[in-house]
Amino acid sequence: MEKSFTAAPDDLAVRPQLSHSVRVGTAGWNYRDWIGPVYPRKRPRGFHELGYLAQFFDVAEINTSFYGAVRPSTARKWLEAVAPFPHFQFTAKLHQAFTHHMNPAEPPPALDTEEFRAFASTLADAGKLGAVLAQFPWSFKNTADNRAYLERLLDTFTEYPMVVEARHASWDDPQFWKLLVDRGAGFCNIDQPVIGKSLGPSARRTSGVGYVRLHGRNYKEWFAEHGRDARYDYLYSREELAGWKERVEQVSQNASATYVIANNHYQGQAAANALELISMLLDAPVPAPSALVEAYPRLADVTVTAQPSLFSIK
């Protein structure tokens, strides 16, 4: 008989869930350096990283869609992987053609719009798309041309709950907040190294959807050219997370949904900090992969090691 990896739904029901529709998870899940600290090194046939991660988190931010087009068939496979977890949701990043390589004087690229819509609607039609994130770089500043482009972009994707991430401090401006409110778009509160004209931490919500992204505070590598692993190599302290616990609670008040995404992915640090934050919000220990607790021993104080009974081999 062929062996495949599946989750046992009866055991999964014991996992605690956050109130006020708050979901905490990670940005992405397909990282080679997560084998060991997050995923088991010996994996049964049919093991799916996303299905494994969904045992511990209620949301995953899709970052593959930022780098290239995602086929609807791929989205359907992801939906299948999280099917045992009814509470689980995805958020998805817009392709970089819309946010990093566009001409503000031109409309959003039609081909990329069509491809992204086919992928995103596959998730939305299944009731699994919590938000679409338009992540702009620090170089995208608050100018009349950029505001006009942002309006056109939001108007292009009105069928999805849109969220905008701006990193430059010039966007801390009443015109920007009004633009988001008028378009029904959310604002992404971020934690990043505050260097020069960088936006600092906030607890703002401009639509029914609250959003928080934790990028880490690696000041040395933030603007360096050493790759994303170096940039997001950061482990938050408990004290730093405590400040974000309070902000998440503020953002989630009266929100229809709030998504908290840890993006400090290097060596599974995002997964470790996300579990710590969930434990803080619940004021209770939470299940954790045994390998992750071994990699980050301080997790032992706020987690319970997942037992083998969480899985079945068929």
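The values are calculated or read from the model by the stated rules, or taken from the named source; none is laboratory data. As the structure is a computational prediction, the values presented were derived from the model and not from experiment. Neighbour counts run over all protein chains shown; Cβ positions are idealised from the backbone, glycine included.
You will find that of A242, A224, A230, the residue that is at pLDDT 80 or above and aliphatic (A, V, I, L, M) is A242 and no other.
Test A291 against the criterion of being hydrophobic (A, V, I, L, M, F, W, C), at pLDDT 95 or above, closer than 26 Å to R41 by Cβ and assigned to a helix (DSSP H, G or I), and give yes or no. When the stated conditions are applied, A291 does not pass them.
Can you confirm whether D125 is of a type in the set (D, E) and either within 27 Å of I195 (Cα to Cα) or in contact (Cβ under 8 Å) with a residue 12 or more places away in the chain (or both)? So D125 fails the test. Filtered by the rule that a residue be surrounded by fewer than 16 Cβ atoms within 10 Å (Cβ to Cβ) and among the hydroxyl-bearing types (S, T, Y), the stretch 132-154 gives S139, T143.
Do the conditions hold for R117, that is, is it among the basic types (K, R), assigned to a helix (DSSP H, G or I), surrounded by 15 or more Cβ atoms within 10 Å (Cβ to Cβ) and within 20 Å of the chain's Cα centre (by Cα)?
Values: among the basic types (K, R): yes; assigned to a helix (DSSP H, G or I): yes; surrounded by 15 or more Cβ atoms within 10 Å (Cβ to Cβ): yes; within 20 Å of the chain's Cα centre (by Cα): yes.
It is true that R117 is among the basic types (K, R), assigned to a helix (DSSP H, G or I), surrounded by 15 or more Cβ atoms within 10 Å (Cβ to Cβ) and within 20 Å of the chain's Cα centre (by Cα).
When you scan the stretch 250-258, do you find a residue that is within 16 Å of the chain's Cα centre (by Cα), among the small types (G, A, S), within 15 Å of Q192 (Cα to Cα) and buried (at least 19 other Cβ atoms within 10 Å of the Cβ), even just one? The answer is no; no qualifying residue exists. Inclusion of P285 among residues that are of a type outside the set (S, T, Y), farther than 19 Å from A27 by Cβ, loosely packed, with under 14 Cβ neighbours inside 10 Å and modelled with pLDDT of 95 or more is not warranted. Residue count for the stretch 162-195, restricted to those that are charged (D, E, K, R) and under 20 Å from Q96 (Cβ atoms): 2. Criterion applied to T206, T158 was being in a loop (DSSP other than H, G, I, E, B), of a type in the set (S, T, Y), surrounded by fewer than 16 Cβ atoms within 10 Å (Cβ to Cβ) and at pLDDT 95 or above, and the one residue passing it is T158.
The combined condition, being among the hydrophobic types (A, V, I, L, M, F, W, C) and part of a strand (DSSP E or B), is not fulfilled by V194.
Within the stretch 143-156, the presence of a residue that is closer than 25 Å to V260 by Cβ and of a type in the set (F, W, Y) is excluded.
Is it the case that R23 is basic (K, R) and either at pLDDT 95 or above or touching a strand residue (DSSP E or B) at 6+ places or on another chain (Cβ under 6 Å) (or both)? Taking the combined requirement at face value, the residue satisfies it. Within the stretch 161-185, the residues that satisfy the criterion of being closer than 21 Å to N263 by Cα, touching a Phe, Trp or Tyr at 6+ places or on another chain (Cβ under 7 Å) and either among the polar types (S, T, N, Q) or buried (at least 19 other Cβ atoms within 10 Å of the Cβ) (or both) are V163, V164, E165, A166, R167. What are the residues in the stretch 41-92 that are farther than 26 Å from C188 by Cβ, part of a helix (DSSP H, G or I) and either among the β-branched types (V, I, T) or over 17 Å from the mean Cα position of the chain (by Cα) (or both), if any? S73, R76, K77, E80, listed by residue number.
Taking the listed residues V181, V194, V212, V163, the one that is at pLDDT below 95 and of a type in the set (A, V, I, L, M) is V194, with no other qualifying.
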